[in-house]
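Only one structure is covered here, and it is reproduced in the block below.
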Amino acid sequence: ALGVIGHLWLAKVSGDERTDLGLVSCRVVTTSGVNYIVDAFQNLTELENMKYHAIGTGTGAESISNTSLGTELTSQYSTANTRVTGTLGEQSGNANVFESTATITVSAAVAITEHGIFSTPGSGSGVLLDRSMFAAVNLASGESLQATYSLTFPAGG
């Protein structure tokens, strides 16, 4: 049987220059994220809250048991301690794929190695849907990561 599958695409933005980093991670939807989806079916929580993009510098391996990033940014977000709200939709031409996109700007030099989708905007809080690890992306103050996260729900499983 096929399960839900998460994918993360990134691009680095520095001034007018955009560098496409492509698909950087896939397949680590967390147990707490799946539990959140089941709770949403029961109207115990709102699924559309799963839209906040977090980034960090942690290096520990991804795991379905993750409930947070390894080392999430705090004061380095352009608005300190506040994750960026993603724009929600479905992947163009594919109604089975939920998508959230965001541009995350930093206010300090950081080497980003992880990304997560959360249910709340405050760093260090909320439910983690998916944690993605990737090779370090070095950002200077004022630079951004454009993140596109997709969650595919295959039919027929």
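Within segment 113-131, which residues are small (Gly, Ala, Ser) and either at pLDDT 95 or above or closer than 17 Å to VAL38 by Cα (or both)?
Within segment 113-131, GLY116, SER119, GLY126 qualify.
When residues of segment 38-79 are filtered for being of a type in the set (A, V, I, L, M) and free of Cβ contacts under 8 Å to residues at least 12 places away in the same chain, how many remain?
Residues meeting the conditions: 4.
Within segment 22-41, restricting attention to residues that are open to solvent by 70 Å² or more (accessible area, probe 1.4 Å) and in contact with a strand residue (DSSP E or B) (Cβ under 7 Å, 6 or more places away or on another chain), which residue is modelled with the lowest pLDDT?
ARG27
Somewhere in segment 94-101, is a residue touching a residue at least 60 places away in the same chain (Cβ under 8 Å) and touching a Ser or Thr at 6+ places or on another chain (Cβ under 7 Å)?
Within segment 94-101 (the criterion being touching a residue at least 60 places away in the same chain (Cβ under 8 Å) and touching a Ser or Thr at 6+ places or on another chain (Cβ under 7 Å)), the answer is no, since none of the residues qualifies.
For every residue, the table says whether it meets (1) open to solvent by less than 40 Å² (accessible area, probe 1.4 Å); (2) part of a loop (DSSP other than H, G, I, E, B); (3) among the hydrophobic types (A, V, I, L, M, F, W, C).
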residue	(1), (2), (3)
HIS53	yes, no, no
GLY58	yes, yes, no
ALA61	no, yes, yes
GLY70	no, yes, no
THR74	no, yes, no
GLY142	no, yes, no
LEU151	yes, no, yes
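Going by what's in this entry, would SER100 be described as of a type in the set (Ser, Thr, Tyr) and in a loop (DSSP other than H, G, I, E, B)?
Spelling it out, it is not the case that SER100 is of a type in the set (Ser, Thr, Tyr) and in a loop (DSSP other than H, G, I, E, B).
Filter segment 111-124 for residues that are over 11 Å from GLY56 (Cα atoms) and surrounded by 14 or more Cβ atoms within 10 Å (Cβ to Cβ); which is nearest to the chain's Cα centre (by Cα)?
Within segment 111-124, the match that is nearest to the chain's Cα centre (by Cα) is ILE117.
The values are calculated or read from the model by the stated rules, or taken from the named source; none is laboratory data. Computed from a predicted model, the values in this text were never measured in an experiment. All Cβ positions, even for glycine, are placed from backbone atoms using ideal geometry, and neighbour counts span all protein chains on display. SASA here: full protein model, heavy atoms, side chains in, ligands and nucleic acids out. Shrake-Rupley method; radii C 1.70, N 1.55, O 1.52, S 1.80 Å.
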